[in-house]
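What follows is a single structure, written as structure tokens, with notes after it.
Values quoted throughout were computed directly from the atomic coordinates according to the rules given, and no laboratory measurement underlies them. This one's a predicted model, so the numbers in the text were calculated from it and none came from an experiment. Note that we place each Cβ from the backbone using ideal geometry, even for glycine, and neighbour counts take in every protein chain shown.
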Amino acid sequence: MPWALSALALAAALGGLAFGIVYSPHDGLLMGVFMLACGVPVIIAAHLLVARRQANGTLGRQFASVVALTIGLITAGVFAIALLMFISGHDAVVMAMLLLLAGGLTASPPGCSRVT
């Protein structure tokens, strides 16, 4: 987990730096904090799932639980940040629906996309 948190901290710092260059240092700091706030729960939950992966049963069930956890936590993060950014509720719902679509497409069983 320390490696994953270090990678998240680096990504948040780089994202905040890029945002701060384009907009303002204050906005860059906020972006870095937002990235950390969204990433830390996902990393911790993923590591807890890995520690208990035998309890989830088959590999398919393990994959499904990780996908569900990731989509759920990221969707919650999108809503939390949307509330902090004062964007409209409509925009937050649109972002969440697009995220759910992307997650669903990513998690679809391989046989569903088989071309014969």
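Please identify the chymotrypsin sites (Phe, Trp or Tyr not before Pro) of segment 10-44 that satisfy two criteria: DSSP loop assignment and at most 16 other Cβ atoms within 10 Å. Which are they?
Here the chymotrypsin sites (Phe, Trp or Tyr not before Pro) that fit, given the DSSP loop and packing criteria, are 23.
Please label the shape of segment 3-92 as rounded, prolate or oblate, based on the square roots a ≥ b ≥ c of the eigenvalues of the alpha-carbon gyration tensor (a/c under 1.5 means rounded; beyond that, a/b larger than b/c means prolate, else oblate).
Since a/c reaches 1.5 but b/c is at least a/b, the shape of segment 3-92 is classed as oblate.
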